[in-house]
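**Student:** Submitted below is the structure of interest, expressed as structure tokens.
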Amino acid sequence: MGLLYQIFIDPFVQMGTAPDLFVQTLWEGIVGGMLYALIALGFVLIFKASGVFNFAQGIMVVFAALTLVGLYNAGVPAFLALGLTIAVMFGLAYAVERAVLRPLVNQPDIILFMATFGLTYFLIGVGEFVFGGDPKVMITDQLFLPKGAVTYKALGGIISVQKLDVAATVIASIMVAGLAVFFSKTRIGRALRAVADSHAAALSVGISLEQIWVIVWFAAGLVALVTGIFWGARSDVSFALDVIALKALPVLILGGLTSIPGAIVGGLIIGIGEKMWEFYWGPLIGGGTDAWFAYVIALVFLLFKPQGLFGEKIIERV
Amino acid sequence: MRAPSGPDVAVGDVLLAVENVSLSFGGVKAVNDVSFDIRKGEIRAIIGPNGAGKTSMLNIINGFYQPQQGRITFKGEVRSKMRPHEAATGGIARTFQNVALFRGMTALDNIMAGRTLKMRRNFFWQILRYGPAMHEEVAHRRRAEEIIDFLKIQEIRRVPVGRLPYGLQKRVELGRALAMEPELLLLDEPMAGMNLEEKEDMSRFVLDANDYYGTTIALIEHDMGVVMDLSDRVVVLDHGIKIADGAPAEVKSNQAVIDAYLGVAH
């Protein structure tokens, strides 16, 4: 009985009696969730357009952040470094299209998937060679990102909010909304969906696969850069950041591989769920639950709703 | 129905000519030294038994396959091969033997996708959905609605095409090709797998597209009745080789054609 009480009653009693802690946990969940959503978004963009699951997305996050910091450390002014990093991400998109996608067009998906493994190790190699492998500090001050925390006295306690987290959430929301509108309402967006459905038919109406691929890889690169800046600011910039990309997998399974809104909602569910679970239920089993919570949720979804919350329904005519 | 007459029935100048085109996959000669032309405003049929190289021929014309030999003249411009993008911008549209639609998109969006090349406003306006881009979207939408009316598919315009029955999918695919306002329309077995009524509908649309929009059409078809009724001129392929070329009536009585279809001891 005592155990059942601890599992099913006590956490909710705590939420009720200490609402400040509840809100604090919720906020941290939202922030983490938005960042997961950003990474997942990078995957979704590329998957939608080319049917390729881009294993290199996590490394692109690190690579973008590393380029930014590396350029700054080499004496380039912060905003020029930001501009140059954007240019580098465009160059990367172009190079990937030329050197990886174009020669492999019409190959089975698994071949393209394996090619993104190659890309991953290529980016790690280049990143370490050019900028060195030691962890670096993100240049948040130089980019005029706010720092410090605001504390509110509310709900019978104190709620503390990092200004950087607020900035991250706002920028991520704007970016996500912009991409969602762009890809659902414009000619390019329609072309993108067309390419995802049928390469041959897209070619026949004059859609250029090359152009679309460069655009989506560049968009994914920009998303990676934003993600890299904010994740880098919370810890530091090193190749260890790569592991957070793995957290995007459960988000994708939840949201569906092809849905931009799915990436957001999936990210938030995982982010909030993870923090809540750790805070209220974690102590019962000794904590450390955020290492596995997301994957268990993903497993449940795979069993009952494999196309995810927003994934395209698989229409099968018999 | 068209009056059977000689090849001179073709109304205009040569729009597209293929000359001595050969294409092989490994050791298989899919197309072997084939030459023929398509004249402006005509309906040109390409027929032949299975594996004759008809679809390969279409794929060469719109740039999906690059022939190893020969040359293609399109609108007076000579080239050794087409590229899909060049073909599309040059005004060649096509449909596919096994319908290739954008399955997740609605019928309307599929047809709008056919307008891709006609839309030219930049990203910035498109994101804002304001100003010239909005104006443009409206104009293209009107054009798409005309085609929807033409093909009598008003009631399915909001349906994702993956859910439509086969006959209607073929119709939407024709609509997407027509939305490109092509000069040359390539139809790969537009009536395959249709019942008699659907075939009659589709024949009507093909004829109307030819009359009303003045579109030049090259079509592959197996139904001999349809071919005889629709086409001005017929080219016959067998095992990648051209065995006959002429008016439907001529071709029908050609001994080589009869042999190819019925099979003879060689």
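The values are calculated or read from the model by the stated rules, or taken from the named source; none is laboratory data. Only a predicted model underlies this, so the values are computations on that prediction, with no experimental measurement involved. So basically every Cβ, Gly included, is an ideal-geometry build from the backbone, and we count neighbours across all protein chains shown.
**Student:** With the requirement that a residue be under 17 Å from A:Tyr36 (Cβ atoms) and within 14 Å of chain B (Cβ to nearest Cβ), what does segment A:149-175 give you?
**Tutor:** Listed by number, the list holds a single entry, A:Met175.
**Student:** How many residues, within segment A:251-267, are within 24 Å of A:Gln24 (Cβ to Cβ) and either among the polar types (S, T, N, Q) or within 11 Å of the chain's Cα centre (by Cα) (or both)?
**Tutor:** Looking only at that region, the number is 4.
**Student:** In segment B:253-263, is there at least one residue being outside any helix (DSSP H, G or I) and under 30 Å from B:Ser35 (Cα atoms)?
**Tutor:** yes
**Student:** Something else: Output the number of residues of segment B:63-98 satisfying the condition of being closer than 12 Å to B:Ser22 by Cβ, within 14 Å of chain A (Cβ to nearest Cβ) and charged (D, E, K, R).
**Tutor:** 0
**Student:** Now, a different point. Go over the candidates A:Leu268, A:Leu249, A:Leu257 one by one and state the one that is surrounded by fewer than 23 Cβ atoms within 10 Å (Cβ to Cβ) and part of a loop (DSSP other than H, G, I, E, B).
**Tutor:** Testing whether each residue is surrounded by fewer than 23 Cβ atoms within 10 Å (Cβ to Cβ) and part of a loop (DSSP other than H, G, I, E, B) leaves just A:Leu257.
**Student:** Further, regarding this structure: Of all residues being part of a loop (DSSP other than H, G, I, E, B) and surrounded by fewer than 14 Cβ atoms within 10 Å (Cβ to Cβ) in segment A:147-169, which is modelled with the lowest pLDDT? Just the residue, please.
**Tutor:** By that ranking, first place goes to A:Gly156.
**Student:** Right, A:Leu71: within 18 Å of A:Gly125 (Cα to Cα) and surrounded by 19 or more Cβ atoms within 10 Å (Cβ to Cβ) or not?
**Tutor:** Taking the combined requirement at face value, the residue satisfies it.
**Student:** Sort out which residues of segment B:174-191 are in contact with a Lys or Arg (Cβ under 8 Å, 6 or more places away or on another chain) and assigned to a loop (DSSP other than H, G, I, E, B), and write them in order of number.
**Tutor:** B:Met180, B:Glu181, B:Glu183, B:Pro190, B:Met191
**Student:** Name the pairs whose Cβ atoms lie under 9 Å apart, with the first residue in segment B:194-212 and touching a residue at least 24 places away in the same chain (Cβ under 8 Å), the second aromatic (Phe, Trp, Tyr), and 6 or more positions between them or separate chains?
**Tutor:** So the pair list comes out as B:Met194/B:Tyr166; B:Glu198/B:Tyr166; B:Phe205/B:Phe150; B:Asp208/B:Phe150; B:Ala209/B:Phe150; B:Tyr212/B:Phe150.
**Student:** Go through segment B:112-126 and give me each residue that's farther than 18 Å from B:Gly91 by Cβ and either facing chain A (nearest Cβ under 7 Å) or modelled with pLDDT of 55 or more (or both).
**Tutor:** Scanning segment B:112-126 gives B:Met112, B:Phe123, B:Gln126.
**Student:** Tell me which of these B:Ile60 doesn't satisfy, since it passes every other one: (1) in a helix (DSSP H, G or I); (2) more than 11 Å from chain A (Cβ to nearest Cβ); (3) surrounded by fewer than 23 Cβ atoms within 10 Å (Cβ to Cβ).
**Tutor:** If we test B:Ile60 against (1) in a helix (DSSP H, G or I); (2) more than 11 Å from chain A (Cβ to nearest Cβ); (3) surrounded by fewer than 23 Cβ atoms within 10 Å (Cβ to Cβ), just (3) comes out false.
**Student:** Identify all residues within segment B:70-112 that are of a type in the set (A, V, I, L, M, F, W, C), buried (at least 23 other Cβ atoms within 10 Å of the Cβ) and free of Cβ contacts under 8 Å to residues at least 24 places away in the same chain; write none if there are none.
**Tutor:** Within segment B:70-112, B:Met82 is the sole residue that qualifies.
**Student:** To continue, here is another question. For residues that are surrounded by 24 or more Cβ atoms within 10 Å (Cβ to Cβ), of a type outside the set (A, V, I, L, M) and within 16 Å of the chain's Cα centre (by Cα), scanning just segment A:202-222, find the one that is farthest from A:Ala37 (Cα to Cα).
**Tutor:** Among them, the one singled out is A:Trp217.
**Student:** Within segment A:180-203, does at least one residue satisfy the condition of being free of Cβ contacts under 8 Å to residues at least 12 places away in the same chain, assigned to a helix (DSSP H, G or I) and more than 14 Å from chain B (Cβ to nearest Cβ)?
**Tutor:** no
**Student:** Quick check on segment A:223-246. Is at least one of its residues within 14 Å of another protein chain (Cβ to nearest Cβ) and either surrounded by fewer than 24 Cβ atoms within 10 Å (Cβ to Cβ) or more than 26 Å from A:Lys275 (Cβ to Cβ) (or both)?
**Tutor:** no
**Student:** Residues of segment A:288-312 being of a type in the set (Val, Ile, Thr), within 30 Å of B:Gly162 (Cβ to Cβ) and without any contact (Cβ under 8 Å) to a residue 40 or more places away in the chain, which ones?
**Tutor:** Scanning segment A:288-312 gives a single hit, A:Val300.
**Student:** Could you list all residues from segment B:99-111 that are more than 8 Å from chain A (Cβ to nearest Cβ) and either among the acidic types (Asp, Glu) or in contact with a strand residue (DSSP E or B) (Cβ under 9 Å, 6 or more places away or on another chain) (or both)?
**Tutor:** B:Thr106, B:Ala107
**Student:** Let me ask something additional. For the list (1) within 25 Å of B:Glu250 (Cβ to Cβ); (2) surrounded by fewer than 14 Cβ atoms within 10 Å (Cβ to Cβ), I need the number of the one condition that B:Val18 fails.
**Tutor:** (2)
**Student:** Moving on to the next point. Only residues that are surrounded by fewer than 19 Cβ atoms within 10 Å (Cβ to Cβ) and within 12 Å of chain A (Cβ to nearest Cβ): list them for segment B:146-161, please.
**Tutor:** B:Val159
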